[in-house]
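Undergrad: The structure follows.
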There are 2 protein chains.
Amino acid sequence: MARKNFPLSKVYGLLETGPVILLTTSHKDKQDVMAQSWHTMLEFEPPQIAAVVSNRNASYDMLKATRECVIAIPTVELSNAVVGCGNTSGRKIDKFKKFGLTAAEAETVCAPLIEECYANLECRVIDTRMVNRYGLFVLEVVKAWIDPARKDPRTLHHRGRGYFMVAGETLKLASLAK
Amino acid sequence: MARKNFPLSKVYGLLETGPVILLTTSHKDKQDVMAQSWHTMLEFEPPQIAAVVSNRNASYDMLKATRECVIAIPTVELSNAVVGCGNTSGRKIDKFKKFGLTAAEAETVCAPLIEECYANLECRVIDTRMVNRYGLFVLEVVKAWIDPARKDPRTLHHRGRGYFMVAGETLKLASLAK
């Protein structure tokens, strides 16, 4: 997939709609990817994100050890891979291989980008004070990539128990909000 | 709007799709409501939520003082009210009156429900340790209400600068996730 630098000042617009993300980590020659919906923006610029990663996930240990990850944003075309990543554990299988995801080298972090995702955000952990209690990692996006051809990506939005809402039409309203 | 008790165990499914919410507060005979997209689930049950409220918002002072709020979830039919709430300050106007929102008494908190919203979550603040640094309030939902007639609510999802994505079709996939 074509990949172009994306301004950090616009990252919030990719995430505040609430899409399912694929969070990648890499540690000691092992890579992992998990599906995740529990995240929120914390700050516009530099973009800061709070993301929940449970200590039941293999990604938890790798995120704690390296303090780096990539947030990749999939679209409906990747539904099978997203569901597959959610249904399995990186402790048992190589999810990239199993679900046909292509890991690509990031510029600033050890975690891989995912070629098939329309956006990839390279992140560093900047605050771990809420990790023990809530599994909440505070991340800062240090580099962002996008496929410039994708204007209205059909992101997935988890409703629970197998149901996913797909991004619908976009309206332009008279909002003054950033 | 018809209102029925909604199981706390299912609340996460209302929020993890990432909808724009209306957050209400009430303090000293004054009520406020703000539009907000920066929130995430933290725990399934009891449902815990992290929500960002900036100290630039009138709601911030009321939330800090009372430690109670309601998260009301609007649909596309309420676009004008949502945008209006986002464009104005509760320090200057009564947003309920101005935007045609009907405040209704909650059961367990001082903040009002919004009659026109298809779901209303009564919340208490349970952790303020991330408020000074990130404006991040940890909330616990203590009571939830829903309009049982609304099966696929067309929620709004903020993309920034006036653009809002409207919830699209729902797919059933073979996910084992809660």
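No lab work stands behind these numbers, since they all come straight from the coordinates. Everything numeric here is computed off the predicted structure, so don't read it as measured data. Cβ sites come from the backbone with ideal geometry, for glycine too, and all protein chains shown count toward neighbours.
Undergrad: Just check the stretch A:25-127 against the gyration tensor rule for me: Cα atoms, a ≥ b ≥ c as the square roots of the eigenvalues, rounded for a/c under 1.5, and otherwise prolate or oblate depending on whether a/b exceeds b/c. Can you show the working numbers first?
TA: Working: a/c = 1.43, a/b = 1.25, b/c = 1.14.
Here the stretch A:25-127 falls in the rounded category.
Undergrad: Where a ≥ b ≥ c are the square roots of the eigenvalues of the C-alpha gyration tensor, would you call the stretch B:108-172 rounded, which needs a/c under 1.5, or, failing that, prolate if a/b is larger than b/c, or oblate? Intermediate results must be reported in sequence, preceding the final value.
TA: Details: a/c = 2.26, a/b = 1.30, b/c = 1.73.
Here the stretch B:108-172 falls in the oblate category.
Undergrad: Work out how much length A:R161 to A:N5 would gain on full extension: take 0.36 nm times their residue separation and subtract the Cα-Cα distance, in nm to one decimal. Write out the running numbers ahead of the final one.
TA: Numbers: separation 156, 0.36 × 156 = 56.16 nm, distance 3.55 nm.
Between A:R161 and A:N5, full extension yields an extra 52.6 nm.
Undergrad: Rounded, prolate or oblate: which fits the protein assembly as shown, taking a ≥ b ≥ c as square roots of the Cα gyration tensor eigenvalues, rounded meaning a/c under 1.5, else prolate when a/b beats b/c?
TA: Numbers: a/c = 1.67, a/b = 1.62, b/c = 1.03.
Taking the square roots of the gyration eigenvalues as a ≥ b ≥ c, the protein assembly as shown is prolate.
Undergrad: Taking the highest mean first, how do the peptides A:6-15, B:117-126 order by number of other beta carbon atoms within 10 angstrom per residue? Let's see the in-between values first.
TA: Working: A:6-15: 18.6, B:117-126: 23.5.
Final packing ranking: B:117-126, A:6-15.
Undergrad: Just how large is the dipole of the stretch B:1-150 about the Cα centre, in debye to the nearest 20, putting +1 at every Lys and Arg Cβ and -1 at every Asp and Glu Cβ?
TA: Roughly 480 debye, rounded to the nearest 20.
Undergrad: Could you pull out every residue, at least 5 positions away or on a different chain, whose amide H is within less than 5 Å of the one on B:E116? Hs are placed 1.01 Å off N in the peptide plane, and Pro or chain starts have none.
TA: The list, which skips near neighbours in sequence, is B:T102.
Undergrad: Where the centre of each part is set by its Cα atoms, how far does the stretch A:27-86 sit from the stretch A:126-162, in angstrom?
TA: One Cα centre to the other: 7 Å.
Undergrad: Another question, if that's okay. Taking the Cα centre of the stretch B:57-122 as origin, sum charge times position over the Cβ atoms of Lys and Arg (+1) and Asp and Glu (-1), and report the length of that vector in debye to the nearest 20.
TA: Working: 7 positive and 9 negative charges, 92 e Å.
The calculated dipole for the stretch B:57-122 is roughly 440 debye.
Undergrad: I've got another one for you. Can you give the relative contact order of chain A as a percent, counting alpha carbon pairs under 8 Å and 6+ residues apart? Could the numbers behind the result be given before it?
TA: On the way: 381 pairs, mean separation 47.6, N = 178.
Dividing the mean separation by the residue count of chain A yields 27 percent.
Undergrad: So which of A:K28/A:K98; A:K151/B:K98; B:K10/B:K92; A:K172/B:K28; A:K28/A:K151; B:K4/B:K92 end up more than 30 Å apart, counting from Cα to Cα? Mind showing how you got there, number by number?
TA: Values: A:K28/A:K98 20 Å; A:K151/B:K98 35 Å; B:K10/B:K92 37 Å; A:K172/B:K28 36 Å; A:K28/A:K151 36 Å; B:K4/B:K92 34 Å.
In this structure, A:K151/B:K98; B:K10/B:K92; A:K172/B:K28; A:K28/A:K151; B:K4/B:K92 lie more than 30 Å apart at Cα.
Undergrad: Turning to a different aspect of this structure: How large is the charge dipole for the protein assembly as shown, taken about the Cα centre, if only the Cβ atoms of Lys, Arg (+1) and Asp, Glu (-1) carry charge, to the nearest 20 debye? Each step should come with its number before you reach the end.
TA: Working: 48 positive and 38 negative charges, 23 e Å.
In total the dipole reaches around 100 debye.
Undergrad: Next up: What average number of partner chain Cβ atoms lie no more than 10 Å from the Cβ of the residues making up A:125-135?
TA: Working: counts 0, 0, 3, 0, 3, 8, 0, 0, 5, 8, 2.
Partner Cβ neighbours, averaged per residue: 3.
Undergrad: Among the GluC sites (Glu not before Pro) within the stretch A:8-110, which fall in a DSSP loop and have no more than 12 other Cβ atoms within 10 Å of their own Cβ?
TA: Working: sites: A:E16, A:E43, A:E68, A:E77, A:E105, A:E107; in loops: A:E16, A:E105, A:E107.
Here the GluC sites (Glu not before Pro) that fit, given the DSSP loop and packing criteria, are A:E105, A:E107.
Undergrad: Using only atoms on other chains, find how many Cβ atoms lie within 10 Å of each Cβ of peptide B:74-84 and report the average. List each step's numbers first, then the result.
TA: Numbers: counts 0, 0, 4, 0, 0, 4, 2, 0, 2, 6, 3.
So the per-residue partner count for this stretch is 2.
Undergrad: Can you work out the Karplus-derived ³J(HN,Hα) for every residue in the stretch A:64-79? Use 6.51 cos²θ - 1.76 cosθ + 1.60 with θ = phi - 60°, whole Hz, and x for glycine or proline.
TA: So the J values, rounded to whole Hz, are 5, 6, 9, 6, 9, 7, 10, 9, 10, 10, x, 10, 4, 4, 9, 3.
Undergrad: What FRET efficiency, computed as 1/(1 + (r/R0)^6) with R0 = 30 Å and r the Cβ-Cβ distance, is obtained for B:D152 and A:R150, rounded to the nearest 0.05?
TA: Details: r = 25 Å, r/R0 = 0.84.
The formula returns an efficiency of 0.75 here.
Undergrad: For chain B, what does the helix formula give at 222 nm: sum of -39500 (n - 2.57) over DSSP H segments with n ≥ 4, over the residue count, nearest 500 deg cm²/dmol?
TA: Working: 5 runs with 30 residues, N = 178.
Result for chain B: -4000 deg cm²/dmol, rounded to the nearest 500.
Undergrad: Sticking with this one: Any idea how far apart B:L171 and A:R133 come out in nm if each label point goes 7 Å out from Cα toward Cβ?
TA: 3.8 nm
Undergrad: Can you give me the long-range amide H partners of A:W38? Hydrogens built in the peptide plane at 1.01 Å from N, cutoff under 5 Å, separation of 5 or more residues or another chain.
TA: A:V52
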